[in-house]
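These notes are about the structure you will find just below.
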Amino acid sequence: MFGNSWPLATLAAILTASAALSATAAQAHEIVGNRFFPATLAIDDPGVNDELALPTISMQKTGDTPSFKQLDVSGEFAKRITEDFGVSFAPTWSRLYAPGGPNMTGSRGFQNLETTLKYRLFKSPEHEFVLSAGLEIEWGGSGAQGVGAERFTVYTPTLYFGKGFGDLPTSLNWARPFAITGQIGYSIPGASKITSATFDSDAGDIGLDIEFNPRVLNWGATLQYSMPYLKSAVVDLGLPDFVNRLIPIVEVSLQTPVSNTATSGTVTTGTINPGIIYAGDKYQVAIEAMIPVNRQSGGNVGVIAQLHFFLDDIFPNSLGRPIFASNISSGRPAFGR
Amino acid sequence: MRIITTITFILVTAGAAFAHAHLDHADPKVGSTVAQSPKEVVLWFTEKLEPAFSLIEVRNEQGSVVNAGKAAVAGDRTQLRVPLKSLPPGTYRVIWRVLSVDTHRTQGDFTFRVGR
């Protein structure tokens, strides 16, 4: 599947690290009542947390004509400022294989840096529901134009949600480990169009090429089945510990241009990603296939894998705490359901 | 690539780390049916617990608490147990809320049945 050897070596390193870390039980992250919402790969999860995704590696043939192979290696560092408000930074390094790149000979370099500010609006442990709002900013000019990084900044206000089905009646016990998450965002380019000069060598004419930058609806969802939830909240089937840590998942990530579409068109692009997440105490490892929804979305089935660390569990008293952390409340916890 | 490998190695080998306390297993088992009334509920967690902030309530189908005493942290501080009254046949919900020693709060619940 891969065009060169080191992505395979990196994936092997991820799996080796996973095996080394699998000594103890259970998992972490956005936790709402009984529910653990894992970090997801194609869309952002609804959680606000201290975490480090490093690396995330994907490989897929693009939907361009002609199509070319693109390798992305990215990382994301997320830090809570308060319990409910956090900021994250996500650089991505890309390699475009020939015939990609401006001269069709391939190219490599960083994409624009992405920053996300996210605030958790609401959390209901009883109903395993969480709602967050954020602003994603792709900083124009911070990346290399040779890999397609734009010169203008893009702002994407986004809503995120997660809902576990643990509050279904016990007669539907089989469905209670299911959960869905989703996001919907509206990308607003900082420049509505890009104008460039063109020269027709045959006619000797100089012209203007105008490319309109569309506003894009970024939307997606995940459906996940939590084996950790099945074991700890529904029925302990005595399955092996490895199985009890798995979360099969399907992600859908789509982009639909909705305005200023004179040159972009309005075709929705994106991928459907079936995969699996292995949740450890302090980390998770995930791998998904990337199935393009149409020809414009990709030239083949790609793959994406990620190693993700829960910094709040690794460094609970320093890097893993909100900068402005509240004290632990005293008194008897409130029960109820 | 070296930077990624180095950071990964540091995080993987962060030996003194703690984590959220999650329910590892229980007696009676999650979702199980037991023939006789159990004398107690015992929960095993994945991390050590702070006794003052770690509690269990067991409720019957009418919502009444059937604990016969206070919950107590036991063993190597990863166990939480609570004595029960004599339970007639029925479905019981175990509701737990704990604080791990690294101050992470977690909570959860599950049911078990007696005699049906």
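The values are calculated or read from the model by the stated rules, or taken from the named source; none is laboratory data. Predicted, not measured: the structure shown is a model, and the values here were computed from it. Cβ coordinates were reconstructed from backbone atoms using ideal geometry, including for glycine residues, and neighbour counts include every protein chain displayed.
Quick notes on this structure:
- Tally of residues being touching a Leu at 6+ places or on another chain (Cβ under 8 Å) and either among the acidic types (D, E) or surrounded by 15 or more Cβ atoms within 10 Å (Cβ to Cβ) (or both) across region A:166-178: 3
- Those residues of region A:210-242 which are more than 16 Å from A:F36 (Cα to Cα) and without any contact (Cβ under 8 Å) to a residue 40 or more places away in the chain, in sequence order: A:W219, A:D236, A:L237, A:G238, A:L239, A:P240
- Which numbered condition B:D76 misses (of (1) buried (at least 17 other Cβ atoms within 10 Å of the Cβ); (2) closer than 30 Å to A:P322 by Cα): (1)
Every residue, every condition in (1) within 13 Å of another protein chain (Cβ to nearest Cβ); (2) of a type in the set (A, V, I, L, M, F, W, C); (3) assigned to a strand (DSSP E or B), yes or no:
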residue: B:V73; (1), (2), (3): no, yes, yes
residue: B:P88; (1), (2), (3): no, no, no
residue: B:R97; (1), (2), (3): yes, no, yes
residue: B:T103; (1), (2), (3): yes, no, no
residue: B:F110; (1), (2), (3): yes, yes, yes
residue: B:R113; (1), (2), (3): yes, no, yes
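- Given (1) surrounded by 15 or more Cβ atoms within 10 Å (Cβ to Cβ); (2) free of Cβ contacts under 8 Å to residues at least 24 places away in the same chain, index of the condition A:A203 fails: (1)
- A residue that is touching a Ser or Thr at 6+ places or on another chain (Cβ under 6 Å), crowded, with 17+ Cβ neighbours inside 10 Å, more than 30 Å from A:D312 (Cβ to Cβ) and at pLDDT 95 or above cannot be found anywhere in region B:60-71.
- When the residues of region A:216-262 are filtered to those that are of a type in the set (S, T, Y) and part of a strand (DSSP E or B), the one that is farthest from the other protein chains (Cβ to nearest Cβ) is A:S259.
- Qualifying strands (runs of 3 or more DSSP E) (wholly inside region B:20-67; at least 1 residues being facing chain A (nearest Cβ under 8 Å)): B:23-27, B:55-59
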